[in-house]
Amino acid sequence: MEKDDTPARLCGSLPGEHDEDALDKLLELKVYRRRWFVLLVLCLLNLSNATIWLSFAPVASQTASYLHVSLEQVNLLSLIYMLVSVPLSFGTTWMLDALGLRITLILGSWLNMLGALVRYVGAALSEYELLSRYPVVFLGQTLSALAQPLIIFTPTKLAALWFPEHQRATANMLASMSNPLGLLLANLLSPLLEDHGGVPTIALAYTVPACVSCLLATVGVRSSSPPTAPSPSAQSSHEPFFQGLKLLVKNRAYLILLLCLGAGIATFTCFSSLLDQILCVQGYSYDFAGLCGALFIVWGIINLSLSAVACAAFSVVALMPQQQVAVAVVCSLFGFFGFSVYPVAMELSVECSYPVGEATSAGLIFASGQVQAVVYMVLLQSLTTRLAPTPRSVCGEEPQSWRVPLMLMAGLCAFFTSVFVLFFHSRYRRLEAEEQARYGPKEGPVSSQQDHRGSADRPDRSVDQDVDQSLTQGLSQGLNQGLEQELDQDVDQSLTQGLDQGLD
């Protein structure tokens, strides 16, 4: 009742091996409507976790004032996500491969919900418990940070286990881009919520989706994978975890992708976390900073080398006062050229590292981004210098000069983009493996001596090959016609007709 009426579409002919097992495996590839519900749950979890991650960044000064802490301590609420996810990366990739998708998602959903609830309790403490606000909020933020790798490492794994090859990229894109969509909501809603209730209202608003997604994951996700695989690669077994790590270390193309895409993730993380503090120096309001963050993500959801140009442009216009239009346009271009490459690069990491598990190859790239983001944020903040207070500054504390940090960020973005464009070259290993499973291994050229010897030893071989070829073509035509009918009875009838044609 839950599965689709048709097997997964398979283009072309049957595999070159004409045995019964190959045909059975080909006919058993099916997709299930339940896959869209599992994808929806993952999207909601990813969105919820992202809103918790940067919920205080767009209103950093107001949050620091309410919690009676410094801006550096407010930045630590975002930084803790990166610090926690790095050591948990290896454990998460092992969990996805060993314990399965269902347990990983449910555990992540509960940690995400508990973190949101604890944050709200801390933000709602009275004035008499003022000193306890920040530690409790920080504890809740840490619990949600523990959930991030359990959630954000799963898109490629879910796409591979539940979706056929022609839907994998779409599923991975939807699951991956729900994270920046959560950042978009945080940039838009946090300034509005702060104006209509302050920090406690912000914490409460982001607790609701965390509870809803936890309920859906706990009750609705009933298995880690469907009863039958949707694609040949989902049927095959992957390398064990530690053996997969050894293969990745020896894969030159993957190492380049690990470094360059990790640098891109780090740059975008720093941009989202520090945008409010960069723009306030020149008198741009918190609402405008939130709008720029939203434009940055919106255009990213709607292209890699040009993102370096946009980053360089931002490092210039962000230092100019009264340039709202230019800042907004550059933020939009930065997101437009940068964010769209993320889901494509995650799929590329799986393709170039196959047969290593999807969670391992994609998860390590995100971990690389988190490690570099920690280094970048610490480095960029250490390079700021204090400025004398000016009338146009709207920063809560003494304004900081971001000229050198912004130039450094633009230089790093341009450098790693150049490295990727010049040196990344790889085969699509997973697609090649699926093509081989469907059509059989490609035969190399045969010498004239081999051909003569084979014909002398087996004079009737050409007749057998013609019969096999006719049977294969007949079965293939019958299968494809049956698939188009989308009815099991018609599949059997078409297969029978195709077999008769092949025998004739």
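Bear in mind these aren't lab numbers, they're just calculated from the coordinates by the rules spelled out. Note that the structure is predicted; figures quoted are calculated from it, not measured. Using ideal geometry, Cβ is built from the backbone for each residue, glycine included, and neighbour counts are taken over all protein chains shown.
Below are the figures for this structure:
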quantity	calculated
Fewest-first sequence of 424, 415, 56 by Cβ atoms within 10 Å of each Cβ	415, 424, 56
Distance between modelled label sites at residue 250 and residue 170, nm, 7 Å Cα→Cβ extension	3.8 nm
Additional length obtainable on full extension of the chain from residue 196 to residue 285, 0.36 nm per residue less Cα span	30.4 nm
Cα-projected label distance for residue 387 with residue 215, points at 7 Å along beta-carbon direction, nm	4.8 nm
Label-point separation in nm, residue 259 to residue 37, each point 7 Å along Cα→Cβ	4.6 nm
Fraction of alpha-carbon pairs over 16 Å apart in segment 160-207 - percent	53 percent
Cα-derived Rg to Rh of segment 32-433, Kirkwood definition	0.97
Amide H partners (placed H, <5 Å) of residue 354, local residues excluded	429, 430
Where trypsin sites (Lys or Arg not before Pro) fall in DSSP loop in segment 165-260, at most 16 other Cβ within 10 Å	222, 250
